[in-house]
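*Asks:* Here it is, the structure in full.
The values are calculated or read from the model by the stated rules, or taken from the named source; none is laboratory data. Everything quoted here is computed from the prediction, not taken from an experiment. Every residue, glycine as well, gets a Cβ built from its backbone with ideal geometry; the counts of neighbours run over all protein chains shown. For the accessible areas, the whole protein counts, side chains as well, though only heavy atoms, and no ligand, DNA or RNA atoms are used. Shrake-Rupley method; radii C 1.70, N 1.55, O 1.52, S 1.80 Å.
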Amino acid sequence: MAHHILQMPIDEEKARSLKIGDTVTLEQTLFGIRDATLIHMFDKGRKVKFDLHGHAVIHTAPNVHRVPVSNEAPVGYKPFCIGTTTSMRMERFTHDLMDREGVRLIVGKGGMGPDTLAAFAEFGGAYLAIVGGAAALETTWIEQIVDIDLDDLHPESLWKFQIRNFGPLLVGMDSHGGSLYADLQKDVASRRDAVLKSIGAV
C-alpha cells in the first residue's frame, strides 16, 4: 500500500498505478457533480464548458453562500458545507463520463458497482472513498469555488473547486478489477451463510 499525492489532472498511467488500499491526496482542481448534472449531460445532451480530461469528480451538491464577486469568490459563491453523497445512484453514467469527458477519478461515498469497475479497467481510473459524515472536514480542503457551469440546476450544478491537501482518501476501486466493496459483500455473504447453516436455517 502506498500514498499518492496527485497534482490534477493526471494521465492514464498514473491512474492505473493506484491500487485498492492505497491512499490519495488530491491537489489543485476538483469538479463537483451529482445526479441532475449527469442526467442533463448524458440523457439530455447538454455540453459543459469545462475540460474534464484527466480530472477527478466528487459526488456532491454543496451547501454554499452567495456573496459579492471578489478575488476570493470569483463567481459569487463561497463554500459553506461541501459533503459527499452516495455514489451508487450514478453508476450508469461512469462509462460515458470517462469515455466522453475523460474523467479519471471519482470521489464519493459507499462505493460503486460492476459497470464502474469495468469502466475503470477499460479507460484507467479509480474510486476514492470518503467516510460519511466528514463534510465539515472536506470543506476545509476546498480553498475556493473558482467557476461553475449548468447553474440552472443549482445546487446540482457542475462546480470547479480549487483544493489543497484534499485527503487522504482511500482507493476503494481500481483499474485492475479490485473493489473493497465487492470483497466486503462476498465476505458478508459467506459469514451469513455460515451463521444460517450453524442454526439449521438452510
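*Asks:* Can you compute the label reach from Lys49? Point 7 Å from Cα along the Cβ direction, backbone N cut-off under 14 Å, restricted to the stretch 67-88.
*Replies:* Once the point is set 7 Å along Cα→Cβ of Lys49, 74-77 turn out to lie under 14 Å by backbone N, inside the stretch 67-88.
*Asks:* Given the options Ala61, Ala119, Ala136, state which has the largest fluctuation in a GNM of the chain using a 10 Å cut-off (strictly under) for Cα springs.
*Replies:* It is Ala136.
*Asks:* Using 0.36 nm per residue, how much length does the chain from Thr139 to Arg92 gain when fully extended, once their Cα-Cα distance is taken away? Walk me through the intermediate numbers first.
*Replies:* Working: separation 47, 0.36 × 47 = 16.92 nm, distance 2.74 nm.
Stretched fully, the Thr139-Arg92 segment lengthens by 14.2 nm.
*Asks:* OK, next. In terms of Cα to Cα distance under 16 Å, which aspartates and glutamates are near enough to Lys109, apart from those fewer than 8 places away along the same chain?
*Replies:* Answer for Lys109, where 16 Å is the Cα cut-off: Asp35, Glu91, Glu138, Asp174, listed by chain and number.
*Asks:* Please compute the net charge surrounding Leu38, taking Lys and Arg as +1 and Asp and Glu as -1 over other residues with Cβ under 14 Å from its Cβ.
*Replies:* -2
*Asks:* Compute for the stretch 99-164: radius of gyration divided by Kirkwood radius, i.e. Rg/Rh, restricted to C-alpha atoms, rounded to two decimals.
*Replies:* Across the stretch 99-164, the Cα-based Rg/Rh ratio is 1.00.
*Asks:* Summarise the accessible area of the chain (1.4 Å probe, protein heavy atoms) by the percent that is carbon and sulfur.
*Replies:* 53 percent
*Asks:* Given the -39500 (n - 2.57) contribution per DSSP H run of 4+ residues, what per-residue ellipticity at 222 nm results for the chain, rounded to the nearest 500 deg cm²/dmol?
*Replies:* Computed mean residue ellipticity for the chain: -7000 deg cm²/dmol.
*Asks:* Would you tally the net charge around Ala2, using a Cβ to Cβ cut-off of less than 14 Å, leaving Ala2 out, and scoring K and R as +1, D and E as -1?
*Replies:* +1
*Asks:* For the chain, take the longest principal axis of its alpha carbons; what is the angle in degrees between that and the long axis of helix 114-123, to the nearest 10 within 0 to 90?
*Replies:* 60 degrees
*Asks:* Mind listing the phi-derived Karplus ³J(HN,Hα) values for the stretch 82-94, rounded to whole Hz, using 6.51, -1.76 and 1.60 with θ = phi - 60°, and x for any glycine or proline?
*Replies:* 10, x, 10, 9, 5, 7, 4, 4, 9, 3, 5, 9, 4
*Asks:* Rolling a 1.4 angstrom probe over the protein heavy atoms, how many square angstrom per residue are accessible across the chain?
*Replies:* Accessible surface, normalised per residue, equals 48 Å².
*Asks:* Please list the radius of gyration and Dmax for the chain, considering alpha-carbon atoms only, with Å as the unit.
*Replies:* Cα radius of gyration and Dmax of the chain are 17.9, 68 Å respectively.
*Asks:* At what distance in nm do the modelled label points of Asp152 and Val131 sit from each other, each positioned 7 Å from its Cα along Cα→Cβ?
*Replies:* 4.1 nm
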